[in-house]
Amino acid sequence: MKVKYEDKAMVTCVDNEKTLEAEVLSFLPEKKLSVSVDRLVKLELQYKPQPKEYQGHVMGKTFISKGPKPIYTAKTSRG
């Protein structure tokens, strides 16, 4: 089975509690998430298993995300 994910993810700045939509550049579930905010700022977030979220730091601010949502699961023809 293969899971596909949305190309957008919600990212929250912990310091000012603002949430914004970011474009997903790369995503490895439960490992790392790389996003672009308004095509100006690139955020690299690492997975933290305890809060089950991705966390990263840019320009002295902390950002968190639950990652992109799954769209659907496709069954492969190989058994």
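Bear in mind these aren't lab numbers, they're just calculated from the coordinates by the rules spelled out. Please read all numbers here as calculations on a predicted model, not as lab measurements. All Cβ positions, glycine included, derive from the backbone under ideal geometry; neighbour counts span all protein chains shown.
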Quote to one decimal, in nm, the extra length available between HIS57 and LEU25 on full extension: 0.36 nm per residue of separation minus the C-alpha distance between them.
9.8 nm
So how far apart, in nm, are the two label points at ASP15 and LYS42 if each is 7 Å from Cα heading toward Cβ?
2.1 nm
Normalised Cα Rg of the chain, dividing by 2.2 N^0.38 Å with N its residue count, works out at 1.18
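Could you give the longest part of the chain that holds none of the GluC sites (Glu not before Pro) found in DSSP loops with at most 15 neighbouring Cβ atoms within 10 Å? Before the final figure, lay out each step's value.
Details: sites that count: GLU6, GLU17, GLU30.
Longest run free of exposed loop sites: 31-79.
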